[in-house]
Every structure is written in C-alpha cells, then in structure tokens.
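For reference, the structure is listed below as structure tokens.
The values are calculated or read from the model by the stated rules, or taken from the named source; none is laboratory data. Keep in mind the model is a prediction, meaning the values are calculated, not measured. Counting neighbours? That spans all protein chains shown, and the Cβs are built from the backbone with ideal geometry, glycine included. Ligands, DNA and RNA are stripped out before the accessible areas are found, and what is left, the full protein with its side chains, is counted by its heavy atoms. Shrake-Rupley method; radii C 1.70, N 1.55, O 1.52, S 1.80 Å.
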Amino acid sequence: MSRLAGRVAIVTGGSQGIGLAMARAFAREGASVVISSRRADAIEEAARQLSADGGQVIGIQADVASRDDAQRTIQTAVEQFGRVDILVNNAQATRQAKIEDITDESIQLTFGSGLFGTLYHMQAAFPYLRARGGSVINFGTRQGIYGEPGDGIYGANKEGIRGLSRSAAREWGQFGIRVNVINPAALSPSAEKALNANPERAQKYYDEISLRRFGRPDEDIAPIAVFLASDDGHYVTGQTINADGGQIML
C-alpha cells in the first residue's frame with residue numbers, strides 16, 4: 001500500500017510501543033520517517049529494525065522537552081528528506097502522584113515532555129507544514145477526560161494538549177493543516193509495566209473496556225494514525241478519537 005508515498009513523517013517517542021508501531025505503519029505506507037527518543041541505543045535499534053523492513057527511516061536522539069532539540073529534529077527531516085508532511089507528538093514521561101503529593105519535578109517532567117514538547121515541535125514544523133498542508137497528530141488520555149485518581153498532573157497535561165490541538169486546528173486550517181488527537185488504550189511496554197505492577201487497577205481498566213480486551217499498538221492504534229495522516233482523513237480536524245475499545249464514550 002502507498003497511501004503516504006512521497007510524504008515525510010516525524011514521530012517522537014518512536015523507539016517503542018505506540019510510537020514504533022506508527023512509524024512502522026507510516027513506512028509501510030510509503031512515507032519517509034524520522035523517529036526520536038531520549039535513548040540513543042533504543043532509537044538506533046528501532047531505526048535499524050524499520051530500515052531492515054524496507055523503510056526509509058532516520059533515528060535521532062533528542063529530548064522533546066528541549067526547544068533546541070525539537071528544532072533540530074524538524075531540521076533533520078527537512079535536510080534529509082526535503083519536507084515535513086506529518087508530525088506525531090507521541091513522546092511522554094510522567095510520575096503518578098496524588099494531587100497533594102505533586103512536586104515541581106513531576107510537573108516539569110510531565111509538562112516538559114508533554115504539552116511543552118508538543119508545542120515546540122508544532123512551532124518548529126509549522127513553516128514546512130504551511131507550505132503544502134499536512135497532518136499533526138497529538139496524544140491525549142482517558143485519564144484527562146475521566147479524572148483518574150493519582151493521575152492529576154498527567155491528565156491536566158494531556159487536557160492541555162487537547163486544548164492546544166483544538167486551537168491549532170482552527171488557526172491552521174486555512175493552510176490545509178489538520179490537527180487531531182488520539183486517546184489510546186493499548187499495551188505499550190510502559191503501560192504493560194504499570195498494569196502489571198497494579199493488578200487491581202489493571203482489572204478496573206479491563207472491566208471498563210466494552211470490547212473486553214486491551215488494545216494493540218500495531219493493529220489498533222497505528223491504523224488510526226495512518227487514516228489521520230493520509231488523504232482518507234482530509235476532512236477531519238480538531239477531533240479527539242478515543243481508540244480505547246469503548247472506555248470513554250462522548
């Protein structure tokens with residue numbers, strides 16, 4: 001298939017889980033892909049795997065919370081492939097804590113890698129997206145909509161990303177730039193680790209899923225990203241897609 005032939009995609013947090021699944025799907029659809037991660041070894045291995053599968057992929061070690069690194073990531077894509085058509089802000093770090101226990105460190109970690117990193121990459125990519133239109137895909141969470149106990153800072157950060165995305169969809173629509181949000185529920189390595197550490201919480205999540213199974217990054221989340229990135233989703237913008245098996249129904 002070649003729904004993304006000739007296009008260039010950037011995926012932050014592309015070394016594992018949902019990010020890697022999306023990068024793989026984009027490459028299979030014909031896109032050239034730039035993936036980034038804070039871990040040099042992980043991003044090198046992910047790029048090697050994707051390239052071995054026939055994809056045109058570059059891996060970059062970068063901290064999404066750094067404006068300079070965001071600019072460098074975008075510039076690398078332009079220098080190597082000549083353009084930017086798709087930006088996926090997937091990377092995110094956080095620490096769980098009750099509201100009264102949230103620290104400045106956890107605030108900086110969560111918002112730095114989430115809301116601020118998303119903004120930095122959007123700003124850096126905007127001049128190139130504006131040139132010919134394109135797709136920005138950001139990531140939210142059910143925790144923000146539902147109000148999950150212990151995830152106050154994470155939920156607030158993700159709701160900030162949703163607010164930023166809606167404003168960008170209205171401001172940038174005139175340039176043919178579509179901005180959407182995916183709220184995923186899938187067993188990425190980090191999610192699986194967290195659920196294994198808390199079986200009671202895992203069971204609660206499972207009981208809320210109407211389809212009675214946890215999502216899979218490759219089969220359940222990546223195809224939605226391809227839809228939003230391709231011409232199939234050319235009239236969809238400013239939306240939040242809950243790819244969660246029926247946990248949140250709006």
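Couple of notes before you dig in:
- Residues satisfying the stated conditions in the range 205-247, i.e. touching a Gly at 6+ places or on another chain (Cβ under 7 Å) and among the basic types (Lys, Arg): Arg213
- Residue check, Pro223 under 26 Å from Ser32 (Cα atoms) and surrounded by 20 or more Cβ atoms within 10 Å (Cβ to Cβ): no
- Among the residues making up the range 147-174, those that are exposed (fewer than 14 other Cβ atoms within 10 Å of the Cβ) and either acidic (Asp, Glu) or in contact with a Lys or Arg (Cβ under 9 Å, 6 or more places away or on another chain) (or both) are Pro149, Glu171.
- Criterion applied to Gly144, Gly133, Gly155 was being small (Gly, Ala, Ser) and more than 13 Å from Ile248 (Cβ to Cβ), and the one residue passing it is Gly133.
- Yes/no for Pro199 being touching a residue at least 40 places away in the same chain (Cβ under 8 Å) and open to solvent by 20 Å² or more (accessible area, probe 1.4 Å): no
- The range 21-34 residues that are of a type in the set (Asp, Glu), paired with ones that are at pLDDT 95 or above (beta carbon under 9 Å, 6 or more apart): Glu29/Arg3; Glu29/Leu4; Glu29/Ala5; Glu29/Arg7; Glu29/Val226; Glu29/Ala229; Glu29/Ser230
- Of the strands (runs of 3 or more DSSP E) lying entirely inside the range 20-125, those containing at least 1 residues that are of a type in the set (S, T, N, Q) and surrounded by 23 or more Cβ atoms within 10 Å (Cβ to Cβ) span 32-37, 86-89.
- Residue within the range 231-238 that is acidic (Asp, Glu) and either free of Cβ contacts under 8 Å to residues at least 12 places away in the same chain or open to solvent by less than 50 Å² (accessible area, probe 1.4 Å) (or both) present: no
- Condition check for Ala21: in contact with a Ser or Thr (Cβ under 8 Å, 6 or more places away or on another chain) and among the aliphatic types (A, V, I, L, M): no
- Any chance Arg178 is closer than 17 Å to Thr118 by Cβ, assigned to a helix (DSSP H, G or I) and modelled with pLDDT of 90 or more: no
- Any hit, the range 210-218, residues being aromatic (Phe, Trp, Tyr) and closer than 26 Å to Gly163 by Cβ: no
- Any hit, the range 138-146, residues being open to solvent by 20 Å² or more (accessible area, probe 1.4 Å), of a type outside the set (D, E, K, R), part of a loop (DSSP other than H, G, I, E, B) and within 20 Å of Arg201 (Cα to Cα): no
- Filtering Ala65, Ala97, Ala91, Ala124 for residues that are farther than 22 Å from Ser165 by Cα and touching a residue at least 24 places away in the same chain (Cβ under 8 Å) leaves a single hit, Ala97.
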